[in-house]
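Chemist: Okay, handing you the structure first.
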Amino acid sequence: MLTNQENSLHICLPTEDRGRAMNFYAEAFGLEPKGGPSDDGIPEPLQFDLGPGVRLMLIPTGGFGWVLGGRTVANSDVSECIMSLNLENKKEVDELVERATASGGGVVAAPAQQDWGYRALVSDPDGHAWQFVAVAEA
C-alpha cells in the first residue's frame, strides 16, 4: 500500500494559529513549509516534509472539524497521538528540547534517562505531543 512511490502519508493536526505553527516548526525543527503562499503569506495547506513520503499538515481548527465530519476537535490538553522522533544521542535530544521551548513549545516531561533510552516530551504551541528519544546502546 505505502510502498508505491506516488503514495504518501500525511499526519494532519489542528492548529489555532497558522503563523505561530509555521514559525514553531520552522524554528524548532528546521522544517521549511511547502506550497505557494495564500493571501496571508502562509502556504495553504500548511505542510512540511518529514521524510520520504511523509508530510505534516497543519489545518486550522475550524477546518479540522469539517475534515472530521463534524466530530469534536480535542482540546489542547488532550493527546490522542504522540509523534516520536528517534535521535542519535542525548545532546541532540537536549538541543531539540531547547529549540522547541525557545520557539513557543512547552516541556511535558523533561529529558531523563530511562532503562531503554534518553527521553523528553514536548508540546507544540497547539499542545501536540512530540517525544524525542536517544535509544540506549546495546
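Here, each number is a calculation from the coordinates, and none is a lab measurement. Just so it is clear, the structure is predicted and the values come from calculations on it, not from any experiment. FYI the Cβ positions are ideal-geometry reconstructions off the backbone, even for glycines, and counts take in every protein chain you see.
Chemist: Take Glu88 and tell me if it is of a type in the set (Asp, Glu) and without any contact (Cβ under 8 Å) to a residue 40 or more places away in the chain.
Modeler: Answer is no for this residue.
Chemist: Something else: Please determine, by comparing only the residues of the range 34-93 that are among the aromatic types (Phe, Trp, Tyr) and over 20 Å from Asn7 (Cβ atoms), which one is farthest from the chain's Cα centre (by Cα).
Modeler: So, considering only residues that are among the aromatic types (Phe, Trp, Tyr) and over 20 Å from Asn7 (Cβ atoms), the one farthest from the chain's Cα centre (by Cα) is Trp66.
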